[in-house]
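Chemist: This is the structure I want to talk about, given as structure tokens.
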Amino acid sequence: MAHQKRIPKVAIPKLDRGPPPPPKKPAQNREDRVTRACKTCRKRKVKCSGDVPRCANCQATGLNCVYEQARRDRLKE
């Protein structure tokens, strides 16, 4: 290998990013969450109301509303 000439390092100035962003909102309240969403809402990636036998989205669109068996129940089988 041939001897290479070293290039001196150059300092890079810091960017002025302005004021820090506001603090993030706290995590979503558990009250806002549904215990489980129907298959249709999961597939369409929309918020499910969790109403039984038909959630609000399925009622409005006229689609089948099917809830998957709870994981705990599936593991017992």
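A short reminder: the numbers here are calculations on the coordinates, not readings from a lab. Just so it is clear, the model here is predicted, and its values are computed rather than measured. Because the Cβ atoms are built from the backbone with ideal geometry, glycine has one as well, and the counts that use them run over all protein chains shown.
Chemist: Need the list of lysines near residue 39 for cross-linking: C-alpha distance under 30 angstrom, and skip anything on the same chain fewer than eight residues off.
Modeler: 25, 47, 76
Chemist: Provide the packing ranking of 36-46, 59-69, 14-24, i.e. peptides ordered by the mean count of other C-beta atoms within 10 Å per residue, highest first.
Modeler: 36-46, 59-69, 14-24
Chemist: Further question on the same structure: Count charges around residue 57 for me, please; just the other residues with Cβ under 10 Å from its Cβ, Lys/Arg as +1, Asp/Glu as -1.
Modeler: Counting the neighbours of residue 57, the net charge comes to +2.
Chemist: Describe numerically, in nm with one decimal, the distance between label points set 7 Å from Cα along Cα→Cβ at residue 33 and at residue 4.
Modeler: In this crude spin-label approximation the distance works out to 5.2 nm.
Chemist: Starting from the Cα of residue 42, step 7 Å along the direction of its Cβ; do the same at residue 16; then give the gap between the two resulting points in nm.
Modeler: Distance between label points: 5.2 nm.
Chemist: Local charge sum around residue 36 (other residues, Cβ-Cβ under 11 Å, Lys/Arg +1, Asp/Glu -1)?
Modeler: That sum, taken over residues with Cβ under 11 Å, equals +3.
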